[in-house]
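Each reported figure results from applying straightforward, stated rules to the coordinates on display, with no laboratory input. This structure is a prediction, so every number in the text was calculated from the model and none was measured. Note: ideal-geometry Cβ built from the backbone for every residue, glycine included; neighbour counts use all protein chains shown.
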Amino acid sequence: MTAEPQRYFVTGTAGFIGYHLASRLLRDGHAVTGYDGMTTYYDVELKRRRHELLRQFDGFVAHEAMLEDEEALDQALVAARPDVIVHLAAQAGVRYSLEKPRAYVNANLIGTFNLLEQARQRGVQHLLLASTSSVYGANIDLPFAEHHRTAHPLTLYAATKEATEGMAHAYAHLFGIPTTVFRFFTVYGPWGRPDMALFKFTDAALKGLPLDVYNNGLMERDFTYVDDLVEAIMRLVALPPSMSTAGQGSQSRAAPFRVINIGNNQPVGLLSFIEAIEEATGRETLRNYMPMQQGDVLRTWADTSALAELTGYVPTTPVREGVAAFVDWYRGHYHV
């Protein structure tokens, strides 16, 4: 891991994962410049509360602006002078991409392009970007490995994230930017997003409302606890790829570039996930069984052997433990 304090520029620090990563970096003594657009995709007050907590650290500076705003982004990076850039900001959500597709083009494509241009100009030590298991799309080979084809995305969200991976590789190749892309697998935990299943299900369970359970519950997800994810990112930060690096993940021979899965490598059935929520809340849930939703996949499962080989670490938090931690946070935050 990185021993010396460094300057980090992290996009999406008011978001779920960005908040947790920034908090860890600040606790470890690093300086963090956060950049977040505070969009109204979900409760802005939750985002502002995350930033309020980060502002308790002397090493945190926040900028509120969109990645599409080239001038604001440039000014923030000029002030930050980062050693490392971690790009977590994005328009997230598989289902929302069916309703507001332009938001994904603006944030994920144009916003990422603007950040890549900034990384090119500033010669950072390491550029890290978040992608998603959704890029595996219609792939039926399990577990999903980094070398598997990702040419058949099922949603525009997945298509934009696959495109950002390609853009990042091109910049790594053309300008020699050491770049790591990590593919997240269903991250959950305290301070999670209200649009995610765990938040929705916990809220419904505590209010005695029915849960919308898609495909009659016959789905599996590789759930990754947020603290485990952050630990993996911290280890990857200290290992920028080079042209000579080989053997871990999807490693390019043409660029200092790699793709790494971050998952738990243990798919959990949706009904078992709901049972964990029932156990943590002490409430039996009402269930509204529904057909498969457009854009969903039946199963996700991360091959984490490349992560283990590269960092010596893999996520291990059991779902019941992680769900209990989320429910404890939810009860405390919303006083229920």
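Before moving on, here are some points about what is shown:
- Euclidean distance of C-alpha centroids, region 249-303 and region 171-202, integer Å: 12 Å
- Given +1 at the Cβ of Lys and Arg, -1 at the Cβ of Asp and Glu and no other charges, the dipole of region 1-159 around its Cα centre is 260 debye to the nearest 20.
- For region 257-303, with +1 on Lys and Arg beta carbons and -1 on Asp and Glu, the positive-most of 259, 274, 298 along the dipole: 259
- Counted charge near residue 29, where neighbours are those whose Cβ lies closer than 13 Å (Asp, Glu -1; Lys, Arg +1): 0
- Label selected from [x] 5, 23, 32, 25, 10, 3, 1, 0; [y] 5, 22, 26, 19, 13, 8, 5, 2, 0; [z] 6, 26, 37, 24, 7, 1, the criterion being P(r) over Cα pairs in 10 Å bins from 0, in percent as computed here: [z]
- Given charges at Cβ of Lys, Arg, Asp, Glu: the chain dipole, positive-most of 177, 240, 61: 177
- Rounded FRET efficiency, nearest 0.05, which uses the C-beta distance separating residue 4 from residue 214 and R0 of 56 Å: 0.75
- Residues of type lysines that residue 200 reaches as a straight line, Cα spacing below 24 Å, ignoring anything fewer than 8 places off in the same chain: 47, 100
- Cβ charges +1 (Lys, Arg) and -1 (Asp, Glu), total dipole of the chain, debye: 140 debye
- Charge dipole (region 1-74, unit charges on Cβ, about Cα centre) - positive-most of 30, 10, 44: 30
- Net charge of neighbours whose Cβ lies under 10 Å from the Cβ of residue 153, counting Lys and Arg as +1 and Asp and Glu as -1: 0
- In a reduced charge model with +1 at each Lys and Arg Cβ and -1 at each Asp and Glu Cβ, region 216-269 shows a dipole moment near 320 debye about its Cα centre.
- Net charge contributed by nearby residues that have their C-beta within less than 15 Å of residue 279 (K/R +1, D/E -1): -2
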